[in-house]
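Taking it in order: structure first as structure tokens, then the write-up.
The values are calculated or read from the model by the stated rules, or taken from the named source; none is laboratory data. The structure presented is a predicted model; accordingly, all values stated were derived computationally and were not measured. Because the Cβ atoms are built from the backbone with ideal geometry, glycine has one as well, and the counts that use them run over all protein chains shown. These area figures cover heavy atoms from the full protein model, side chains too; ligands, DNA and RNA do not enter into them. Shrake-Rupley method; radii C 1.70, N 1.55, O 1.52, S 1.80 Å.
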Amino acid sequence: MTESNKTATLTVHGKTYELPVHSPTAGPDVVDIRKLYGQAGVFTYDPGFTSTASCDSTITYIDGEKGELLHRGYPIDQLAEKSHFLEVCFLLLYGYLPKADELEQFESTITHHTMLHEQMQYFYRGFRRDAHPMAIMVGVVGAMSAFYHDSTDISDPRQREIASHRLIAKMPTIAAWAYKYHIGQPFVYPRNDLDYASNFLRMCFAVPAEDYEVNPILSRAMDRIFTLHADHEQNASTSTVRLASSSGANPFACVAAGIACLWGPAHGGANQACLEMLEEIGSVDRIPEFIERAKDKNDPFRLMGFGHRVYKNFDPRAKVMKQSADEVLDLLGIENNPKLQVAKALEKQALEDPYFVDKKLFPNVDFYSGIILEAMGFPTSMFTPIFALSRTVGWVSQWKEMIADPQNKIGRPRQLYLGETLRDYVDIENR
Ligand code: SDX
């Protein structure tokens with residue numbers, strides 16, 4: 001945290017307090033209220049954390065007004081175009097772009113951790129075949145702490161690093177096996193001669209009955225989708241991982257908590273909800289009806305894949321995803337995909353509507369991703385597991401940063417209590 005001699009003055013109950021102000025390398029200043037309760041006996045109040053910084057971090061910066069997303073300073077559009085997912089993983093974990101030998105070593109390490117303990121496959125058999133793959137992922141990832149004891153001592157930096165590598169490496173296998181179990185096909189094991197994205201596609205779509213050749217177009221698109229979802233500063237699921245980790249819980253249990261949070265339709269579940277919305281709209285002529293519903297305060301319907309707590313401009317990931325959707329569908333020879341036509345028309349009409357313009361509601365990362373994933377052959381139920389697979393590197397990078405921070409302490413928010421004040425128990429005969 002960069003110090004500054006700036007202060008903020010707060011007067012409460014007739015007394016005035018000087019609060020330190022810290023300046024970032026980018027973004028808004030922060031008012032340090034850590035001593036406020038001890039000095040003034042008052043809490044601050046910010047449900048949903050709309051104006052609250054929960055930590056300091058050097059990993060990802062988002063400028064919501066400009067629609068800018070930087071990972072360790074590098075803009076997401078350059079990383080999506082010029083880098084690849086495992087290099088972005090190295091960047092997020094270690095803070096710099098690796099040299100060729102470092103990258104080769106890292107990719108080899110990840111590749112050689114992609115297999116699961118053979119006993120873990122029996123967890124899947126405990127689920128119904130129609131279980132949502134996210135339910136399976138929450139369970140199986142949480143169970144990893146029962147198998148990888150030698151990387152659960154979070155006080156040991158080497159064990160923290162091994163746990164990070166294991167989570168990044170094994171998530172594609174866990175997600176692919178959740179899909180295979182869901183559709184009743186045999187598990188496909190990872191192969192060390194395939195890159196990360198190709199391995200995942202093969203584990204999802206190969207069957208023992210025939211050879212499977214990875215389509216390089218799909219592999220490149222898959223890798224780019226992983227990169228676009230890798231990290232996003234202190235979003236709800238990352239904050240969940242940080243809060244769970246603040247108690248000293250092991251990384252596997254904390255990432256399982258992050259997966260559970262990501263599942264919600266307001267967060268990572270929006271990619272599935274968005275495609276289901278596009279299916280429900282069905283045709284361009286029905287768009288006005290749904291836009292009116294999204295604007296109606298009495299209707300709980302919202303445009304899924306639209307709006308964002310931080311972005312008040314285009315989500316830069318959505319721009320790349322939209323371009324990728326055009327490319328992938330074109331290369332796959334999928335012309336006039338009805339959902340893509342509806343999505344583009346919906347985006348155009350919404351962005352011309354004062355309701356969305358005034359509230360600065362733009363397409364977010366989830367608006368176009370589902371169209372690509374569906375074109376690649378995934379069912380909607382696999383969209384959020386793919387988001388979770390990608391975001392695992394963000395969760396573990398933020399977790400590593402927090403655990404290594406000497407200021408790290410258990411997260412324990414307070415409240416504005418509006419309940420009953422002290423009163424005596426009443427025996428049942430007197431009620
Ligand atoms: C992700 O945090 C992250 O970084 C998340 C993420 C990541 O990478 O980790 O970027 C991934 O979660 C993307 C968001 C995916 N969710 C959706 O697409 C679901 C639809 N979007 C909304 O539910 C909403 O926009 C949120 C949850 C994303 C943001 O909600 P906020 O910041 O709490 O905003 P809000 O609910 O206070 O909305 C502000 C206003 C409200 O109207 P008023 O009460 O002021 O009159 O905008 C309206 C909302 O009703 N609004 C919408 C809308 N989103 C907000 N109206 C219609 N459709 C929408 N999608």
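A few comments on the model shown:
- Counting only strands (runs of 3 or more DSSP E) that fall entirely inside the range 3-109 and contain at least 1 residues that are of a type in the set (A, V, I, L, M, F, W, C), in contact with a Lys or Arg (Cβ under 9 Å, 6 or more places away or on another chain) and surrounded by 15 or more Cβ atoms within 10 Å (Cβ to Cβ), the qualifying elements are 15-22, 68-71.
- Applying a threshold of 6 Å to beta carbon distances and a minimum spacing of six or more residues, or different chains, the list of pairs starting in the range 246-269 at a residue that is touching a residue at least 12 places away in the same chain (Cβ under 8 Å) and open to solvent by 30 Å² or more (accessible area, probe 1.4 Å) and ending at one that is among the hydroxyl-bearing types (S, T, Y) and near the ligand (Cβ under 8 Å from one of its atoms) reads C261/S237.
- Under the condition of being part of a loop (DSSP other than H, G, I, E, B) and among the aliphatic types (A, V, I, L, M), the residues counted in the range 120-163 number 2.
Yes/no matrix, rows are residues, columns are (1) touching a residue at least 24 places away in the same chain (Cβ under 8 Å); (2) in the same structural domain as T227 (by the TED database); (3) not acidic (D, E):
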position	(1), (2), (3)
H149	no, yes, yes
D153	no, yes, no
R158	no, yes, yes
S164	yes, yes, yes
A169	yes, yes, yes
P172	yes, yes, yes
A176	yes, yes, yes
H182	yes, yes, yes
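- A residue that is touching a Lys or Arg at 6+ places or on another chain (Cβ under 9 Å) and either among the polar types (S, T, N, Q) or assigned to a helix (DSSP H, G or I) (or both) occurs nowhere in the range 405-417.
- Residue selected from the range 146-171 under the condition small (G, A, S) and touching a helix residue (DSSP H, G or I) at 6+ places or on another chain (Cβ under 7 Å), by the criterion nearest to E401 (Cα to Cα): S164
- Selected residue (criterion: farthest from P338 (Cα to Cα)) from residues of the range 270-314 that are open to solvent by 10 Å² or more (accessible area, probe 1.4 Å), more than 10 Å from the ligand (Cβ to nearest atom) and hydrophobic (A, V, I, L, M, F, W, C): F314
- A residue that is free of Cβ contacts under 8 Å to residues at least 24 places away in the same chain, on the phi > 0 side of the Ramachandran plot and not small (G, A, S) cannot be found anywhere in the range 342-358.
- Screening K409 against (1) within 13 Å of the ligand (Cβ to nearest atom); (2) under 24 Å from T58 (Cβ atoms) leaves a single unmet condition, (1).
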